[in-house]
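Before any comments, here is the structure.
Derivation of every value follows stated rules applied to the coordinates shown; laboratory data play no part. None of the values given here were measured: they were computed from a predicted structure. Don't worry about glycine lacking a Cβ; one is built from the backbone with ideal geometry, like all the others, and counts go over all protein chains shown.
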Amino acid sequence: MAPFAAPVGLLAGVAATGSAVVGLYIGYHAYRGLRRNDDPSMRYLSVGMLLLFGLAYALAVAGQGLIAFRVVSIQYQPVIRLVVRMVQLVGLLSIAYSLRIATTRRSPTE
């Protein structure tokens, strides 16, 4: 093993954790926007952002930690990856739907 593998792995874990925290922060602000406007498109946007930026990263970090500390066998890594990708897909679909309903409800004069 290369002598720099451990610090690189640690930095990758810190970056992934930071991404999850920032994603949850972004999702929180999207939720605040929903509470302020109470618009259906904002609801789908905030749910999508929470899933995409918050939950997906949190699941990836948790899954990687479970595998790294040998709580879960490495054979479950593809399952964890699939769950993370499905959460990302649902988040993206929710954001896309929010944009679609926001543009179809506008009047033609805008």
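Here are the numbers for the structure shown:
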quantity: Contacts under 9 angstrom Cβ, first residue in the stretch 50-72 being over 23 Å from Gly27 (Cα atoms), partner polar (S, T, N, Q), 6 or more apart; calculated: Ile67/Ser73; Ile67/Gln77
quantity: Any hit, the stretch 62-70, residues being over 26 Å from Met42 (Cβ atoms) and not in a helix (DSSP H, G or I); calculated: yes
quantity: Condition check for Ile80: in a helix (DSSP H, G or I) and farther than 30 Å from Ala102 by Cα; calculated: yes
quantity: Residue selected from the stretch 12-41 under the condition among the polar types (S, T, N, Q) and over 18 Å from the mean Cα position of the chain (by Cα), by the criterion surrounded by the fewest Cβ atoms within 10 Å (Cβ to Cβ); calculated: Asn37
quantity: Residue list for the stretch 26-64, restricted to those being over 19 Å from Val90 (Cα atoms) and in contact with a Gly (Cβ under 8 Å, 6 or more places away or on another chain); calculated: Gln64
